[in-house]
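Have a look at the structure below before the remarks.
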Amino acid sequence: MVKIAPSMLACDFTKMGSEIRRITQAGADWIHLDVMDGHFVPNISFGPGIIAALRNETPACFDVHLMVSRPLDFVPAMAKAGANLITFHVESESPVEETLRAIHEAGCDAGLVLKPGTPAQAVRDWLPLCEVVLVMTVEPGFGGQAFMEGMLEKIEKIKQWAPQVLLEVDGGINPQTGAMCIEKGADVLVAGTNIFRAPDAKEAIKALKQPVKA
């Protein structure tokens, strides 16, 4: 069954500890943590200090998405903070293979991320070194954007090339768009507002895991 990774970017930042406990109890499989440097994307989120503090609140997999210009520089701190999986953008400045190997050497699973405008081909050579590929279905950096259906072909193509790699999708995910992604091969759905702003987070997660097709 598909895994659900609520994005902490959409939580109430004034009570992150209770928020992460709430969604863990509601059935979250992974916790998605977007790390932004204010350069690769225009805004700034949170760093290793907050991630380390949150690590004490849940046993769930910490899925750290580095939206930063030089991800290689961030790997040691994120691994020490408690990341289980670290993904970074193929469009970033750090050498791809060196960064993937550094993540593995730090004891974490590794993956690549694709912006909407980046073709699937950009990650093909690196798939043997990846546990995960994250396909962005919105422009990275801001929550609450509309899902880009044109990214579905990218999901399908990467899954055909590397069925052993987990396909993660982030951006505009709800039960309807989630169903489209699952149909194309998605294994992990990242959802923010759809879970954190739902009247019942448990029901919201359940709906994403067992979506009704549009």
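A short reminder: the numbers here are calculations on the coordinates, not readings from a lab. Everything numeric here is computed off the predicted structure, so don't read it as measured data. Because the Cβ atoms are built from the backbone with ideal geometry, glycine has one as well, and the counts that use them run over all protein chains shown.
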**OP:** Distance from a point 7 Å along Cα→Cβ of Glu139 to each backbone N in the stretch 7-44: keep the residues under 13 Å and list them by number.
**Re:** 41-43
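Please identify every one of the GluC sites (Glu not before Pro) in the stretch 1-109 that sits in a loop by DSSP and has no more than 14 other beta carbons within 10 Å of its own beta carbon.
In loop regions of the stretch 1-109 (DSSP not H, G, I, E or B), the sparsely surrounded GluC sites (Glu not before Pro) are Glu93.
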**OP:** May I ask you to evaluate 6.51 cos²θ - 1.76 cosθ + 1.60, the Karplus curve with θ = phi - 60°, for each residue of the stretch 192-201 and list the ³J(HN,Hα) values in order in whole Hz, giving x for glycine and proline?
**Re:** x, 4, 4, 9, 5, 9, 6, x, 9, 4
Original post:
Highest GNM mean-square fluctuation, the chain, Cα pairs closer than 10 Å: which of Gly185, Gly172, Gly49?
Top reply: Gly49
**OP:** Considering only Pro95, Pro48, Pro199, give the residue with the highest GNM mean-square fluctuation for the chain, with springs between Cα atoms whenever their separation is below 10 Å.
**Re:** Pro199
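Please give the charge dipole size of the stretch 3-209, origin at the Cα centre, charges +1 on K and R Cβ atoms and -1 on D and E Cβ atoms. Round to the nearest 20 debye. Mind showing how you got there, number by number?
Values: 18 positive and 26 negative charges, 96 e Å.
It works out to roughly 460 debye.
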Original post:
Please identify the chymotrypsin sites (Phe, Trp or Tyr not before Pro) of the stretch 35-104 that satisfy two criteria: DSSP loop assignment and at most 14 other Cβ atoms within 10 Å. Which are they?
Top reply: none
Original post:
Where in the stretch 28-44 does the amide nitrogen come within less than 16 Å of the point 7 Å from the Cα of Met16, taken along Cα to Cβ?
Top reply: 31-38, 43-44
**OP:** Please order Arg124, Arg55 by the number of other Cβ within 10 Å, starting at the fewest.
**Re:** Arg124, Arg55
Subject >> Residues with amide H under 5 Å from that of Ile31, placed H, sequence gap 5 or more >> reply: Cys61, Phe62, Asp63
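Among the listed pairs Lys159/Lys209; Lys115/Lys159; Lys3/Lys202; Lys159/Lys202; Lys157/Lys209; Lys80/Lys209, which have their C-alpha atoms separated by more than 24 angstrom in this model? Walk me through the intermediate numbers first.
On the way: Lys159/Lys209 19 Å; Lys115/Lys159 17 Å; Lys3/Lys202 14 Å; Lys159/Lys202 28 Å; Lys157/Lys209 22 Å; Lys80/Lys209 31 Å.
In this structure, Lys159/Lys202; Lys80/Lys209 lie more than 24 Å apart at Cα.
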**OP:** Among Gly107, Gly178, Gly150, determine the one that fluctuates most according to a GNM of the chain built with springs between C-alpha atoms less than 10 Å apart.
**Re:** Gly150
